[in-house]
């Protein structure tokens, strides 16, 4: 699995529901988590690696890795929060994004077991960010046209004249600013998990 970058049409396509959660999804989930760890991210969706199915993984510091298959947001809070976001598909470029402060999500895990999760703080934000990927949306779609154009311009400038391997070396480095930012936010992240049969 390799991360797809901004400009790849796959990132703009809507992922399809998974009809049957077979044993192969345990391996797929582990591979997604492996890529996520290697890239030092907190969330990764299927479309980001060319898998056009409704699956994503989340792993924030201090919490267990989580797998979401065919997720749906059933509730969102009226309260919203603005916070800086980045994306593995648009590395080292960030912008403030407004999202609901708390959410309730229903999904299935890689074993085919359904669950409901209530999340707030960083966990809620990461889940919503990954849900956007399943709809063919990126975080830059949630900011002003001016800011979006600036990010795209910086990205295209960084990509100019580079082959795939060189591009990955240039863009694949996560900044120390973002890593420390994620750690600082962990204390703000709260979640409760209610599993259903």
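What to note about this one:
- Odd one out for residue 95, checked against (1) under 20 Å from residue 143 (Cβ atoms); (2) surrounded by fewer than 18 Cβ atoms within 10 Å (Cβ to Cβ): (2)
- Residues satisfying the stated conditions in segment 109-132, i.e. within 30 Å of residue 7 (Cα to Cα) and not in a loop (DSSP other than H, G, I, E, B): 121, 122, 123, 124, 125, 126, 127, 128, 129, 130, 131, 132
Here is a yes/no grid of residues against (1) buried (at least 18 other Cβ atoms within 10 Å of the Cβ); (2) under 27 Å from residue 9 (Cβ atoms):
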residue	(1), (2)
42	yes, yes
58	yes, yes
70	yes, yes
75	no, no
80	no, no
91	yes, yes
102	yes, no
106	no, no
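- Looking across segment 52-80, the residues that are assigned to a strand (DSSP E or B) and closer than 15 Å to residue 20 by Cα come down to 53, 55, 68, 69, 70, 71.
- The set of residues in segment 41-84 that are out of contact with any strand residue (DSSP E or B) (no Cβ under 8 Å at 6 or more places or on another chain) and more than 24 Å from residue 96 (Cα to Cα) comprises 49, 50, 51, 64.
- A count restricted to segment 11-30 and to residues that are within 15 Å of the chain's Cα centre (by Cα) and surrounded by 14 or more Cβ atoms within 10 Å (Cβ to Cβ) stands at 4.
- Residue within segment 81-98 that is out of contact with any helix residue (DSSP H, G or I) (no Cβ under 7 Å at 6 or more places or on another chain), in contact (Cβ under 8 Å) with a residue 12 or more places away in the chain and in a loop (DSSP other than H, G, I, E, B) present: no
Just so you know, all these numbers are worked out from the coordinates, no wet-lab data involved. Computed from a predicted model, the values in this text were never measured in an experiment. FYI the Cβ positions are ideal-geometry reconstructions off the backbone, even for glycines, and counts take in every protein chain you see.
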